[in-house]
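The values are calculated or read from the model by the stated rules, or taken from the named source; none is laboratory data. Source: prediction; values computed, not measured. For neighbour counting, all protein chains shown are included, and Cβ atoms are generated from backbone atoms with ideal geometry for every residue, glycine included. Side chains are part of the model used for accessible areas, which takes the heavy atoms of the whole protein and leaves out ligands, DNA and RNA. Shrake-Rupley method; radii C 1.70, N 1.55, O 1.52, S 1.80 Å.
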Amino acid sequence: MVFGEGPADTKIMIIGEAPGKEEDLQGRPFVGRSGRLLTKSLESIGLARTDIYITNIVKTRPPNNRTPLPAEIETGRKLLLKQIEIIQPTIICTLGACALVGLDASSISKPIRITKIRGKIFEYQNRKLLPTLHPAYILRNPSAIKLFLSDLLAIKELSEKK
Ligand code: URA
């Protein structure tokens, strides 16, 4: 099980989809290719990943990295809502569509079109929710890195506001 990692008193929570092979082996979220891209991107705008709580909607690796099934998302949601209750982040950043479905925040865009809603700030349980692209998408579409970085910058700016 890859539960999540980060400080308990952070303002920012980043939520991805599910652990991949590397995450499964290390028991840590976002340590594979996508994770390295996420870590570097955060660093490049002056955010340290160690200052952020990072987790996934689904806590166990789906076989062959398939998209999580609705039942797996349901199970993950219960854990995720508990994590949010404990950490109390003021800013939540979801990576990709699955995390938004996982939060049951899909009502902000139906069907979910991440490319349309990314970078916008929504309200979720009295917190700021900013959806962005999944780093795996950036690996496949390298020119989208600019959008990704600008969304992470928006997160940083939100976290600096009183
Ligand atoms: N690694 C994770 O931990 N989550 C993802 O969504 C992708 C890679």
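Across segment 56-61, rounded Karplus estimates of 3J(HN,Hα) from the backbone phi angles (6.51 cos²θ - 1.76 cosθ + 1.60, θ = phi - 60°) give 10, 5, 9, 8, 10, 6 Hz, Gly and Pro being marked x. Amide H contacts of Ile14 (H built 1.01 Å from N, in plane; Pro and chain starts excluded): Tyr53, Ile54, Thr55, Cys93 sit under 5 Å, all sequence-distant by 5 or more or on other chains. Projected label points at Leu153 and Gln26, each 7 Å from Cα along the beta carbon direction, are separated by 2.7 nanometres. Surface composition of segment 29-81: carbon plus sulfur atoms contribute 56% of the solvent-accessible area (1.4 Å probe, protein chains only, all chains present). Secondary structure note: in the chain, about 25% of the DSSP beta bridges are antiparallel.
Once you have the Cα-Cα distance between Ile121 and Thr60, take 0.36 nm times their residue separation minus that, and quote the gain in nm to one decimal.
19.1 nm
Rounded to whole numbers, the Karplus 3J(HN,Hα) couplings from phi for segment 123-137 are 8, 9, 6, 6, 10, 8, 10, 10, x, 9, 6, 7, x, 4, 5 Hz, using 6.51 cos²θ - 1.76 cosθ + 1.60 with θ = phi - 60°, and x at Gly and Pro.
In nm, to one decimal, how far is the modelled label at Glu85 from the one at Lys161, with both set 7 Å along Cα→Cβ? With each label point 7 Å from Cα toward Cβ, the separation is 2.8 nm. Charges were assigned to the Cβ only: +1 to each Lys and Arg, -1 to each Asp and Glu. The resulting dipole of segment 93-161 about its Cα centre is roughly 200 debye. Calculated mean residue ellipticity at 222 nm for the chain: -12500 deg cm²/dmol, from DSSP H runs with n ≥ 4 weighted as -39500 (n - 2.57), summed, divided by the residue count and rounded to 500.
Surface listing: Val101, Val31 arranged by accessible area from highest to lowest gives Val101, Val31, probe 1.4 Å. With the other protein chains left in place, how much accessible area per residue, in square angstrom, belongs to segment 12-161 at a 1.4 angstrom probe? With the other protein chains kept in place, segment 12-161 gives 50 Å² per residue.
Rounded to the nearest 20 debye, the dipole magnitude of segment 12-161 is 340 debye, with +1 charges on Lys and Arg beta carbons, -1 on Asp and Glu beta carbons, and the Cα centre as origin.
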